[in-house]
Structure formats: structure tokens, C-alpha cells
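Right, one structure below, let's go through it.
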Amino acid sequence: MTRVFEESLSLFKDKISDCIKTNKSISITTHIDCDGLTSGSIIAKALIREGARCTLRTSKEFNKNIVESFKTDSRDFHIITDLGGGFGKELNQTLDDNWIILDHHQISEEEKDNQNVINAWKYGIDGGSEICAGGMAYFAAKALNEKNSDLSAIAVVSALGDRQDQGEKKSLTGKNFEISNTAKGLGLLEIDLDLLLVGRETRPLPEALAFTSQPFIEGLTWNKETCLSVLNSSGIKLKEEGRWRVPAELNEEEKRLVIDAITKFSSDKNTTKIMSELIGYTYTFPREDKMSFLRDGREYSTMLNSCGRINRSGVGMAICMGDRNKVLTEGENILTNYRKIIKEYMNILSNEKWRISENENCIMVNGEDIVPETMTGTISSLIADSPKNTGKVIILRTRGEKNTIKFSSRKSFGCKSEINLSELMRTGAEKLDGIGGGHNAAAGAKITKDKLDEFLKYLEINVVNVSSTSNSQ
Ligand code: C5P
């Protein structure tokens, strides 16, 4: 850890200790996605353990209105996790020194100079792949008390949810690797190389294959009947004493047969990509119940993403903070429901061809009146996961609140474009009085509806008609 990072964490500790000593109340504002729910929960849990007075709330974005609302907020100190990039100056004006941001989104050089901004990029850590807000929150929690090392397990969920498993064979790298090793050392996490089927520990094999959308296997993803017939033809025993077997029960030979069956089914140019995505590191929480959806780190993260996206953040945060009572069933239902909805949206988008315009660089998808604003990130990621979209930039748009249009962009696997999507979205949106930002390979923007044509024109010049090796803007 660099000295500057340590200094920032020590500043965090001092500020929180001061709040506790002087009985000040603290508010935590966090994002609604998996990284937001985990980072907010990690901080809330750490504060509660220290005896601080605190409240936790979520927001789907950060904007001037939220800063404005802090003016009349009864809480004395504000922690913002996974949000707030670009608002340092305004927060200073509104709250003086009584705030801290813990984040990993790209920020400007000016913003990095603000001591209250604790952002990965400021310390030379790649916030797109080596750490996310959950990891930043974990280090802050550990600075408060070494005992918070156990929160490393939740920080692993955040990294998986933010798809930072970008190392070889879907491994975690950088600070995320360090955090996962801590969790492993504490006996909270097991890391293995395995088949990456969704519901590894919980779902009947055909269902697990059908639910797997990373990679999106044309014909198999969401098609249980075909999955069943493909697996039947592989010769694997699918049931044992009348009970469906789950992926975690397969031996090495059986795993090989599954791979062979999928390869035969999708015998086209995408096979290599499918295989490279299907085998990788799994992150298992051995202390969760055997048949629980919380045992597999990726499934845990999907559940959290689904909670936020359908306005049930509280369920996700309660689970992150350790509640294993009634909310567990709620979490499971939310996850099932969420998968159903996603399937419906994807079906409509692929059936209504007029919504999609595509060239060799980019796919533009119009999700208006179908995809809700909170689900754009999920859907654009899924489109990017489809092997047939390999190498392209995906840009999805839909209607947002108050006459706005929300954009969500992704670089798909193998995309060679040098365009930094965060800069693309921020620059374009700000020119039109909107907001935008994110990461090199995943970014979003929001503009008012009257600026839509201008924004589309901007995208056409800077992405659609830019060959994959030339620079943007
Ligand atoms: O909205 P979407 O999921 O496409 O956003 C991709 C990433 O960009 C997310 O990490 C999100 O938090 C970030 N983002 C941002 N500022 C925005 C919009 C999105 O930092 N105005």
C-alpha cells in the first residue's frame, strides 16, 4: 500500500473517530448496484461495530440535487460510496470538511487533489480492474479496526459483481487478489478452477447451463429444453436417486463431457471464446449453507445487483450485513424474478430488429419503453457478453425519469477500440448539460430528451464511424 493511500485511510479513521467521540451522526449514501450495496454495507457494519450512529441509504446516481439535500440533512457527517466522482468542489462548498468519498470511478486530476476523495486512481490503483468501491470500503473499514478483516469476503463479492475478475481464467488481480487471499486465509473463501455454470451449488445441471449467460451461448442460454437434450446426449448421469445433480457434483471426466457437448452444439467461430469463458476461478463461501445461493460468489453478486435494480436494496444490504433470516427467501425470490425479467427484455430486443443498428465497430440498441433505467447496465453487459458481439462497443439507451435519456455503454470481449468509454460518455454528456462517466470499458450517461439527436450524432462521429484502432475525439 502506498504512503499516500495510508495517509488517506488514516484521515478516514481520524474523521470517524472524531464523529464517534463527539456523538455526531453519520450518513452513508451508496449506489444501488452490487458494488454500491457491498461498499455501503461494509462501511455501515464497520461503523456499527465501532459504536457510531449511522444511517445507510441508496441512490441510483449522484447529482446536484443530492448535494443540495445534504444542506438540510440532519446528519453531521456524510460518507459516499461508489458514487460522487466530480462533485468534490460542490461537497466542500456544502459540507465544508464533513464528508468522505470512497470510490473507484475515474476522476479528474483536480478531483484527486481533494483530500476527502479516497479514490483508487489517486493511488495508482486501476479502479476498473484491480479494486472497486467494495475494496476501497474494506480498506477503510480495516483502517478503523483490524478486526474488520472478515469483511474481505463481502469485498470479494463486490469485485465479482463489478466484473473485475479480468485476470487469467477469470481470476481477481491486484488489490482484489490481496483481499481474496485475506478472506481465504481466514477460512471464509475457497478459490478453485472449475466450470463457471450459474448455480454451481444449487441448480440441476440443465437449468444451470440454461441460466449461464456469461458467455451468452446462442441456443442454450435460457433454453432449458435444449440444454437438457444436449446434456442427455453427452452421456452424463443427470439424476442420482431421483434427485437432479448440480454442477459442483461433477467429476473431472464429466466436466470434460459437458464441454465436449457444448462445443459440438455451438460448432462455430465462437467456440474458443465460449470455452475460455466457461472455465475459470470460482469463489465459494464455505460457511454459507450447502444449497444456498450465497455460497457461490458470482451468484451472490447477481442477487445483490438484482435487489438494487428492482428497488429492493434493503434486502441486499441486510444480507451483506449478516442477516440470514427471512430476507434470505426474499433475496432468492428477487433473484428468480430478476432473471425472468431480463430474459423477457432480451427476447423483445432481439425480436424487434428495428431497435438495433450495427456496423463492424459498434451496436446501438434502442431500449426505449422496454428496458427500465435501472436495468440498462445489466442489459448492455448481457449484450456485450454474447459471443456474436465479440470485439464491438455496445451502446444501449432508454427513457429515464423527468424527460431524460439514459445511455449505457460496454466494450465487449476482444474489443480493440482505444476509445475510453468513460471519457466518451462524460465529454459528450457534459457538452449537452448532461452527466456521464464510469470506466474505460463500461460507462453511462444521462441527457435530457431534447438533446438526443445531438448526442446520437456525437456518438456516430466518435464511436460508430471510428475504426477500432484509431483514437476518439
Ligand atoms: O449505468 P451503467 O451501468 O452503464 O454505468 C457503467 C459504469 O459507469 C458504472 O460503474 C456506473 O457507476 C458508472 N457511471 C458513472 N457516472 C455516470 C454514469 C455511470 O460513473 N454518470
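The values are calculated or read from the model by the stated rules, or taken from the named source; none is laboratory data. Source: prediction; values computed, not measured. With ideal geometry, Cβ positions are generated from the backbone for all residues, glycine too; neighbour counts draw on all protein chains shown. The accessibility values were calculated without ligands, DNA or RNA, using every heavy atom of the protein model including side chains. Shrake-Rupley method; radii C 1.70, N 1.55, O 1.52, S 1.80 Å.
Just a few scattered comments:
- Counting the residues of the stretch 184-223 that are open to solvent by 30 Å² or more (accessible area, probe 1.4 Å) and under 14 Å from PHE265 (Cα atoms) gives 3.
- Tallying residues that are touching a Lys or Arg at 6+ places or on another chain (Cβ under 9 Å) and closer than 20 Å to ILE32 by Cα within the stretch 372-388 yields 9.
- Filtered residue count, the stretch 183-195, keeping only those that are in contact with an Asp or Glu (Cβ under 9 Å, 6 or more places away or on another chain) and either assigned to a helix (DSSP H, G or I) or in the same structural domain as LEU220 (by TED's automatic domain parsing) (or both): 2
- Candidate set: the stretch 399-451, residues that are open to solvent by less than 20 Å² (accessible area, probe 1.4 Å) and assigned to a helix (DSSP H, G or I); chosen: the one nearest to ILE107 (Cα to Cα): SER422
- Residue match in the stretch 346-359 (condition: under 22 Å from SER412 (Cβ atoms) and within 14 Å of the ligand (Cβ to nearest atom)): no
- One residue stands out among those in the stretch 225-254 that are open to solvent by 40 Å² or more (accessible area, probe 1.4 Å) and among the small types (Gly, Ala, Ser): the one that is nearest to LEU197 (Cα to Cα), which is ALA248.
- Of the listed requirements (1) more than 24 Å from ASP113 (Cα to Cα); (2) within 16 Å of the ligand (Cβ to nearest atom); (3) touching a strand residue (DSSP E or B) at 6+ places or on another chain (Cβ under 9 Å), CYS34 misses just one: (3).
- Within this structure, THR55 fails the test of being part of a strand (DSSP E or B), hydroxyl-bearing (Ser, Thr, Tyr) and within 16 Å of the ligand (Cβ to nearest atom).
- Check on GLY36, open to solvent by less than 20 Å² (accessible area, probe 1.4 Å) and either more than 11 Å from ALA140 (Cα to Cα) or in contact (Cβ under 8 Å) with a residue 24 or more places away in the chain (or both): yes
- Test for THR22: is it open to solvent by 10 Å² or more (accessible area, probe 1.4 Å) and either among the hydrophobic types (A, V, I, L, M, F, W, C) or not assigned by TED's automatic domain parsing to the domain that holds GLY437 (or both): yes
- Members of the stretch 403-432 that are farther than 19 Å from ARG309 by Cβ and either without any contact (Cβ under 8 Å) to a residue 40 or more places away in the chain or within 11 Å of the ligand (Cβ to nearest atom) (or both): LYS411, SER412, LEU421, SER422, MET425, ARG426, GLY428, ALA429, GLU430, LYS431, LEU432
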